[in-house]
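The values are calculated or read from the model by the stated rules, or taken from the named source; none is laboratory data. Note that this is a predicted model, so its numbers are computed, not measured. Every residue, glycine among them, receives a Cβ derived from its backbone with ideal geometry; neighbour counts consider all protein chains shown. SASA here: full protein model, heavy atoms, side chains in, ligands and nucleic acids out. Shrake-Rupley method; radii C 1.70, N 1.55, O 1.52, S 1.80 Å.
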Amino acid sequence: MKQNPDYQGPILEIDKLSISFFTRLREIPAVMDFSVSVEPGEAVGLVGESGCGKSTVALGVMQDLGKNGAIVGGSIKFKGRDLGEMSQEELRDIRGNEIAMIYQEPMASLNPAMRIGKQLMEVPLLHDNATEQEAYDLALQVVTDVKLPDPKRMLDSYPHQLSGGQQQRIVIAMALMSKPALLILDEPTTALDVTVEAGIVDLVKDLGKKYGTSMLFISHNLGLVLETCDRVCVMYSGEAVEDGKIEEVFDRMRHPYTQALFRSIPLPGADKNARPLVAIPGNFPLPHERPPGCNFGPRCDYFEAGRCDQGVIPMRDAGPGHHSRCVKFEEIDWDAPIAAATETKSREIGDPVLKVGNLKKYYEVAANALFGGGEEKVVKANETLDFEARESETLAIVGESGCGKSTLAKVLMGLETATDGTITMGNKEIQSTPIEKRGTKQVAEIQMVFQNPFDTLNPSMTVGRQIIRALEVFDYGANDAERRERMLQLLDLVKLPREFADRMPRQLSGGQKQRVGIARAFAGDAKIVVADEPVSALDVSVQAAVTDLLMEIQREQKTTLLFISHDLSIVRYLSDRVMVMYLGHVVELGTTDQVFSPPYHPYTEALLSAVPIADTSVQKKHIVLEGDIPSAMNPPPGCPFQTRCRWKEKVPGGLCEKEVPPVRRLEGGHQIKCHLSDAELAAMEPVIVVHAAE
Amino acid sequence: MGLFILRRLGVMILTALCLTFIVFTLTNLEPNLEKLAKNQANARMTDDQVISWLDNRGYNDPMLIKYGRWLGVLPHFTREEDGEVVYSRCATPGTTIEEAGSFCGVLQGNWGWSTVFQNEVLEILGVRGWQTAKLMFFVMLVMVPGALIVGVLAGMKEGSKLDRSLSTFSIGTTATPEYVSGVIFISLLASPMIGPNWFVGSAQTAMDNITFENFTLPVLTIALYGMGYIARMTRASMTEVMTAQYIRTARLKGVSFQQIVLKHALRNALIAPFTVIMLQLPWLLNGVVIVETLFNFKGFGWTLVQAAGNNDIELLLGVSIISVVVVLVTQLISDIGYVFLNPRIRIA
Amino acid sequence: MEPLTWTGNMGDVLDPILGITAIALLLTSVLAIVMSFATTTERVTVNPDGTIAAQPGLRGLTAKAQVYSLYAFLATVVAYIVTGMVVGWQGGGIVGGAMQAFTPVWISLVVLFVASFYYKRKLGLYGKLFDSTIGMIGFGLVMFWVFTAFYAGIFDMIYMHDPLTQVSGMKNKVPGTPMPDVDAAPYPFYLLGGDNLARDVFSRMVLGSTIVMQIAPLATLFAFMVGITLGLPAGYYGGKLDTVLSFMANLILAFPVILLFYLLVTPEIVLTGLPNYMALILFIFPLIFVGVLINSRYRTQPKTRNLYLGIAMAVGGLIYLSLVMDQGAPKPIFRLWPGGLDLFDIPGQVLIVFVSVVFVNSPTVFRIVRGLTLDIKTRDYVAAAQTRGETPWYIMLWEILPNARGPLIVDFCLRIGYTTILLGTLGFFGLGLPPESPDWGTTINDGRRLLSVFPHPAIVPAVALLSLVLGLNLLADGLREESLRD
């Protein structure tokens, strides 16, 4: 039963909220003096880097802080009633009924041993005293609403039988079952691929309108917030630093942190040489090491001792409905050009150092992994790859999960051998030389930087020891002293203090670990570095710093960088050439300009449209792909992309379903693997249009 | 599914063959046979006499051949003198050599003759096994529900007083092997010297007539030791499930705590302990042997001790076959049960 | 002389106090459990100064009462120990006498605990143990027996009568019985009575701990070496090797332990030389382990490697050969090694017990290590090691193994307990160790025949074994909790 159906005021009012967690040693304030309100039908975004307390706010609203957490100040009012004063029974009545929540990991948030139908029906059975039949009908209707195919079968299946995108749709359906007044979305698309994410975002927007639900949208992705929200609140280290209408905050920001954040993300105008990213200096403060005064003070360009590091800094009005927690925002010249950025010259691109010809990698896997037996299936992880990489060049390899980019990296490194084709590094063919048969020099020349900073270093060995070990293996230096000296130089190279040599990895932040990973990769003077999503697990402000570091080392050492990523913004920013992969095929290959402007491969077009961009002046064509990425175990016949392609009708005779398209070479070495006619390709319109600044 | 069971069965038979072969080898070693010969014929035989005694009965043939004969896949040993069969191992007392078939191994149902009990091995195992089956039935009846309840209660609120008390109890029982708890029980609860004399310290009478007095202590002794282990497994699995995201989903859907435990957590939490319970069975055999010895309950475990202690080779082999088969069958059941309990694993 | 009472004069004061505190502890514990059932989860309230308030109301009160009665109970126990140490049997009866006998153990325990507590923040996982009550209790129990075994085994302290001497007139006598010839006896009483062969139960219990402490940790260590050396490659390489090794491990696991013991631990088996052969195989694993460890680490610096490897192999090899070679072994192959270089021999019966226990334990360790390896080998740092061309053994031993240490240490503690139980089982069936051996299992076996008439000869070693295994289990639990934290 809904309470106060006639309530008119704001749905959610959070006033001066403070939340702390208590450990054995100390109290850790997670959220401090946080205020925000959500009006009916409004979507409010909550952005910030990891650890800024945005998820804690969500759990605080749900009154589910666990044993160690507690609200230590302020109030949370839902439809005018203080949630903190409700009994457990009253709270249960509100949860799932009037406030619903959607989580980051769809697979983990569904009960694996319960049919989806039952999980959905539980909501009306609990809150609306519905009969079994009514609940089923409602579930069926909502599942149809979230655009899942074959709803009846869906209700009858278990969560593991669905793909990630479908699971997230089910989680959304579950949240909407009771037509809640407030929907909290905690990073709902972070675990999903970009093209799937676009579909979910679209759905959430539509359903929000249809059901008239207010939304609290938590994300680290500014672009996503721009696409979904009406208002936004930027958080830093437990505090809201700025809030206001989305256009206000994005175009007329009044807090240095917001400004720094925007300067550190690669927007379409950024360029690694002419307009490089500006990383935020320093590190995110740990909760118990926050500075006095402004939390952002130590990292702020406008810091003024005596004013910024004193007392409590309150939120102040900075325009209609716009607030900022900065004592100096009136004095700062917000339109001043970026000063710190130094322009660098683009380096000469040299001769090819790596040539891949007609490379194929097939795996044979048992059809049923658990019970063995059955027929063997061939997974075509890489299909006829053909490309080369030159000295000092950055070649980006772009694609979503299952596109074969990681397999390619493994084959290059020698962890797997190629099924067919050639890989030529220097003058030697290495496609069938596994790593143990490669010479020390050959191994040292091609190295890798890994994705997950928390996984890239051995947790039980000091940082210095790990780098020295790499030097030992690469036969560097005659004795331990020489190697130690070189290790310290490498730490200098990646701009880490030399004391870090004796630290354990757990004492380092994510960005610092990633720097150690880079130092280790360059230990043997690598000619080619394969960087597998090196920054995607890092926070936005750290991303810029690590990216810049990679670029700088590349410039100095003339390294060839193979930059694997799914993030087109960063690819556009730093790469010279781009290779787009889909289900093991290279669907498009060309210089960055060629790939990012028409003619596109239809997949590239959709990918470009799907990437959220945090710039109000950018207009995108709206292309949402249907369905999910097919499994590499069971690829569609013909063109790999034909199941989701919106251009398919334009190709006569159903050719797309029958034949794998040939590689089409357009002018300037631009390659596209598509059946579309030249005329159709030429008629494509650009997806991203940047309006001139108003 | 069929293929899966078939494969498991194949592995199981291979395991059974390997294990019985090992037992066969270990029981048919030279010193054992020498002891057997002296035991059967004449305690003061000379070495030469022993060898010829063994030779005449085929004990000195290669191990694999002896194993094949025992299993019943090779024709059993016969001795011919002047072209006439004068001795056949297949001839049991009461049948003549001519009547005896040439295969008489385990597969033919011929499990041999117990030298200690002077009876057919199969018959002894039947009688003794039935006694132990009764014991095990009651043990399972006490142990499994008890352990699951303790585990679930402890695991549903990690760190609560209830959890701490129950966990300490479980740790305590796992630290108390049967021969310790049995000794303590008998001296505290069944001794006229100290404490109340509520129970009988021997289960001998329980073989014919099970009563509360004579059967409680043996059952409790075995059940307690196994219970702690299963309870801890259940608790671990329950606490893991209770911190899972989908439990939070359910909580934030407004489901009450009781319903969360019963509808969302229980099934997921019981998948892991199920396997543990099944794999616990072979290990319970330990307890059975100890308890039957301690309480003088003449069942399967007691038979094992008698057979092993008196060099009763054929009885020991019979006991081994039974225990190995029981272990393997429970493993098979646990595998199949796991697949049925866990919807995430479904055979395509 | 008069027979001793349990607590003598000190009992007049302390016994009632102990009774009261014990009842209080029991009541408050039950109450606390009932309360945790009755009430639903309450919210945490916060004081203005930022601390969380203690739980309010009846529930907070019971929690407090429970804690205080626990302290009171523990204080009474300490009072018994301290008083006993001072007054001995003269004023403290049996308990007093025993407490006095354990004086070196108490002193060592206090020193150890104070030092560890003081430096606990610098001692890593071991230090964290002192944050957990359960862990501390477990550690205390374990160290009690370790110290007892140490002082009794090496310095002949603590126990007062020879464990094998039979004194006529002391057969099955109850605890506290005075010796018939007080002046000639080393100690005027049998503190915990005499067994059915008129030997001192207390002294046998104390010396029993020495035997357990000699075999159990060492056998567990060997089982870990075998399990790790085989489990790492099985998990890392997978494929056929894994299939074969896992099949063999399952084979041993499917074997009822008791049957295996009855088949292996018999005098006939010792005659065939089988234990020596098994020792030959099982004991080589630590040698291989160390060799591979050194080689993989220093493979890029041949000189350093050869030096270290040479030293390790020479020392290890000598120990190994001394261990497996036995001048009195039944098979000539084990007498090949010259007697002069054969540093020590292990009696056949002890060897077979040791080997069987290692044999039974290693498949389980194998499975744990294999599982951990399967998990850790998917980490990026393993991939990083692979891409810089490390050998598989370096990756297994230096990248994977150190990161699996947490669960392995916990299992090591549990497994020592399990091994202790196994040793007791062997003793209980009279297998392996000589029948007059004072180890706990054999003593329980001796005592069980007259259990309902004279319980003390069996109960004393039973409680001793229980406390040691309980200590190990609690220790493991504490370690697991603390390593999972933060």
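With the cut-off at 22 Å, report for segment B:180-325 the share of all Cα pairs above it, as a whole percent. If you can, show how the numbers build up before the last one.
Working: 6095 of 10585 pairs.
So the pairs more than 22 Å apart make up 58 percent of the total in segment B:180-325.
Per the Debye calculation on the protein assembly as shown with a single equal scatterer at every Cα and no solvent contribution, log₁₀ I(q)/I(0) for q = 0.04, 0.07 Å⁻¹ amounts to -0.33, -0.99. Most tightly packed first, judged by the mean number of other beta-carbon atoms within 10 Å of their residues, the peptides A:478-484, B:327-333, A:238-244, A:27-33 read A:238-244, A:27-33, B:327-333, A:478-484. Take A:Phe22: with every protein chain present and a 1.4 Å probe, its accessible area is about 30 Å². Placing unit charges on the Cβ atoms only, positive for Lys and Arg and negative for Asp and Glu, gives the protein assembly as shown a dipole magnitude near 720 debye about its Cα centre.
Classify chain C as rounded, prolate or oblate, taking a ≥ b ≥ c as the square roots of the eigenvalues of its Cα gyration tensor: rounded when a/c is under 1.5, otherwise prolate if a/b is larger than b/c and oblate if not.
On the way: a/c = 2.13, a/b = 1.20, b/c = 1.78.
It is oblate, given that a/c is not under 1.5 and a/b is not larger than b/c.
Amide H to amide H distances under 5 Å link A:Leu538 with no residue, where only residues 5 or more positions off or on other chains count and H is placed in the peptide plane.
Once Rh is set to the Kirkwood radius over Cα pairs, what Stokes-Einstein translational diffusion coefficient, in µm²/s, holds for segment B:99-146 at a temperature of 20 °C and a viscosity of 1.002 mPa s? Intermediate results must be reported in sequence, preceding the final value.
Working: Rh = 13.1 Å.
So the translational diffusion coefficient is about 164 µm²/s.
Membrane-span-like helices of chain B, defined as complete DSSP H segments with a Cα extent of 24 Å or more along the helix axis and a mean Kyte hydropathy of at least -0.5, are identified as B:2-27, B:121-156, B:212-242, B:266-294, B:313-341.
Rounded if a/c is under 1.5, else prolate if a/b is larger than b/c, else oblate: which is segment A:563-694, with a ≥ b ≥ c the root eigenvalues of its Cα gyration tensor? Write out the running numbers ahead of the final one.
On the way: a/c = 1.56, a/b = 1.52, b/c = 1.03.
Prolate, because a/c is 1.5 or more and a/b exceeds b/c.
Amide H to amide H, with H built 1.01 Å from N, A:Thr559 comes under 5 Å of A:Ser392, counting only residues 5 or more places away or on other chains. Coupling constants for segment A:350-362 follow from the phi torsions by the Karplus curve (6.51 cos²θ - 1.76 cosθ + 1.60, θ = phi - 60°), and in residue order they are x, 7, x, 10, 9, 10, 10, x, 6, 6, 10, 9, 10 Hz; glycine and proline get x. Note that segment A:517-526 has calculated 3J(HN,Hα) couplings of x, 5, 4, 5, 5, 8, 4, x, 6, 4 Hz, one per residue in order, obtained from phi through the Karplus relation 6.51 cos²θ - 1.76 cosθ + 1.60 (θ = phi - 60°); glycine and proline are x. Using the rule -39500 (n - 2.57) for each DSSP H run of four or more residues, divided by the residues of the protein assembly as shown, the 222 nm mean residue ellipticity is -16000 deg cm²/dmol.
Where does segment C:77-139 land on the Kirkwood hydrodynamic radius, alpha-carbon pairs, in angstrom?
12.9 Å
Evaluated with a Cβ-only charge set (Lys, Arg +1; Asp, Glu -1), chain A carries a dipole of roughly 1300 debye about its Cα centre, given to the nearest 20.
Hydrophobic, long helices, defined as DSSP H runs whose alpha-carbon span along the helix axis is 24 Å or greater and whose mean Kyte-Doolittle value is at least 1.6, occur in chain C at C:10-38, C:133-155.
With K and R counted +1 and D and E -1, the other residues having a Cβ less than 15 Å from that of C:Ile444 yield a net charge of -1. Computed log10 I(q)/I(0) for chain B at 0.11 Å⁻¹: -0.89, from the Debye equation with unit scatterers placed on every C-alpha and solvent omitted. Springs join every pair of Cα atoms under 10 Å in this Gaussian network model of chain B, and among B:Ile313, B:Ile222, B:Ile184 the largest mean-square fluctuation is at B:Ile184. Among B:Ser181, B:Ser320, B:Ser191, the largest mean-square fluctuation in a Gaussian network model of chain B (Cα springs under 10 Å) belongs to B:Ser191. Peptide A:447-453 has a mean shielding of 3, counted as Cβ atoms of other protein chains within 10 Å of each residue's Cβ.
With θ taken as phi - 60° and the Karplus curve 6.51 cos²θ - 1.76 cosθ + 1.60 applied, the whole-hertz 3J(HN,Hα) list for segment A:105-122 is 9, x, 4, 6, 8, 10, 5, x, 9, 10, 5, 4, x, 5, 5, 6, 5, 4 Hz, x standing for glycine and proline. How many partner chain Cβ atoms sit within 10 Å of a residue's Cβ in peptide C:249-255, on average, as a whole number? Taking all residues of C:249-255 together, the mean is 6.
Charges were assigned to the Cβ only: +1 to each Lys and Arg, -1 to each Asp and Glu. The resulting dipole of segment A:597-690 about its Cα centre is roughly 100 debye.
Inter-chain neighbour count for B:257-268: the average number of beta-carbon atoms from partner chains within 10 Å of each residue's beta-carbon is 2.
Need one word for chain A: rounded, prolate or oblate. Basis is the Cα gyration tensor (sqrt eigenvalues a ≥ b ≥ c); a/c below 1.5 gives rounded, then a/b vs b/c decides. It is oblate, given that a/c is not under 1.5 and a/b is not larger than b/c. At what distance in angstrom do the alpha carbon centres of segment A:461-529 and segment B:229-253 lie from each other? Spelled out, the Cα-based centre of one part sits 42 Å from the other. Note on segment B:130-207 and segment B:1-39: Cα centroid distance 34 Å, given to the nearest whole angstrom. For segment A:101-172 and segment A:578-648, what is the separation of their C-alpha centers, rounded to whole Å? Computed from Cα coordinates, the inter-centre distance equals 30 Å. Quick one: which residues, 5+ away or cross-chain, put their amide H under 5 Å from the amide H of A:Arg503? H built at 1.01 Å from N. Amide H neighbours of A:Arg503, under 5 Å, 5+ apart: A:Val463, A:Gly464.
Computed over segment A:34-138, the range of Cα coordinates on each principal axis works out to 44, 32, 30 Å, biggest value leading.
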